[in-house]
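The values are calculated or read from the model by the stated rules, or taken from the named source; none is laboratory data. Small disclaimer: the values here were computed from a predicted structure and weren't measured. Cβ coordinates were reconstructed from backbone atoms using ideal geometry, including for glycine residues, and neighbour counts include every protein chain displayed.
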Amino acid sequence: MTDQPPELSAIVERLERLEKQNRRLKRGGLAGLVLLASTLLAGFTVQRPAKPAAVTETLEAQRFVLKNARGETRAQLACDKDNPHLALFDTAGHVAAQLSASPVGPSLTLYDAKGQQRASLGLLFDTSSLMLFNAEGEHRAQLSLMGDQPFLDLIDGTRDKRIRLGVDPDGPSLQISDAAGFMAIVGTIGLETTKTGEAHRTSAASVVLFDKDGKVTWRAP
C-alpha cells in the first residue's frame, strides 16, 4: 500500500469510525421500530368481553334512607315491627307525607310546613275515610263510607260531631246538634210512637226537633 500523508490517514480513520457508528445506529433504530410495533400491536389485541356482573333481584333491609346531594334526608322506607311506611321529607326536615300499612288498614297522611297533620286518607276495617285537620292538628271534618253508607261529619273544637249528612238504606238525613245536647234532624229518621210503641220512619221531607234528653219536642209533618 502506498504510504499516505499523516493528514490523509487521519481523515480516512475518521471516516471508518463514522461508518461503523452509522451501521450501529441503523441496527439500533431497526430494533427500536420492531419494539414499538410490538407494543402497539399488543395494545390492539382483541379481548373477549367480560361477563356482566350478576344482577341482584332482591335487596333486603329494615330501613332505606334517601338523601340529596347536600346529605339531607328526603325520603325513608322502613318497617317498624309490623308497620311498613314510606315517609317523604320537606327541605326543612319535616315529614311532608307518609304512606303506611298497619294491621288495621293502610293510610296516607299529609303534613304542613310545621310538621302538623292536616289530612289523612285511610281504610279502617270496612270503613274508608278522609279526615281534615286544622293548623293545630284538631280533627274538624271527615268524609266516610261505612260499608255502603256515606257520611259527611263537621266537628267542633271539642271533637264532637255537630253536623252529619248521611245516606242509609232508608234514605238521606241531615243531623244538627249543639254543645247543650239539642238536636234537629231533617230527612229520614226512625221514630217510635210513645203511646203505642210503634216504630216508623219519616220521609225525606220531614223535620224533627229533640231536647237535650233526646225526646221529640216538635216534628213536621
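A compact table of results
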| item | result |
| --- | --- |
| Tally, over the range 85-129, of residues that are not aliphatic (A, V, I, L, M) and not in a loop (DSSP other than H, G, I, E, B) | 17 |
| First in the range 89-112 and under 13 Å from LEU124 (Cβ atoms), second anywhere and in a loop (DSSP other than H, G, I, E, B) and of a type in the set (A, V, I, L, M, F, W, C), Cβ under 9 Å, 6 or more apart | VAL104/PHE125; GLY105/PHE125 |
| Selection within the range 47-64 - of a type outside the set (Val, Ile, Thr), at pLDDT 80 or above and assigned to a loop (DSSP other than H, G, I, E, B) | GLU57, LEU59, GLU60, ALA61, GLN62 |
| Test: residue in the range 110-120 that is of a type in the set (A, V, I, L, M, F, W, C), in contact with a Gly (Cβ under 9 Å, 6 or more places away or on another chain) and under 28 Å from VAL95 (Cα atoms) | no |
| Residue in the range 143-150 that is within 19 Å of SER120 (Cα to Cα), surrounded by 16 or more Cβ atoms within 10 Å (Cβ to Cβ) and touching a strand residue (DSSP E or B) at 6+ places or on another chain (Cβ under 6 Å) present | yes |
| Residues that are surrounded by 12 or more Cβ atoms within 10 Å (Cβ to Cβ), over 26 Å from SER128 (Cα atoms) and β-branched (Val, Ile, Thr), drawn from the range 66-116 | THR73 |
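One line per residue, one yes/no per condition, for (1) among the acidic types (Asp, Glu); (2) touching a helix residue (DSSP H, G or I) at 6+ places or on another chain (Cβ under 8 Å); (3) buried (at least 16 other Cβ atoms within 10 Å of the Cβ); (4) at positive phi:
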| residue | (1), (2), (3), (4) |
| --- | --- |
| LYS161 | no, no, no, no |
| VAL167 | no, no, no, no |
| ASP170 | yes, no, no, no |
| SER173 | no, no, yes, no |
| PHE182 | no, no, no, no |
| THR194 | no, no, no, no |
| ALA204 | no, no, no, no |
| LYS215 | no, no, no, no |
| ARG219 | no, no, no, no |
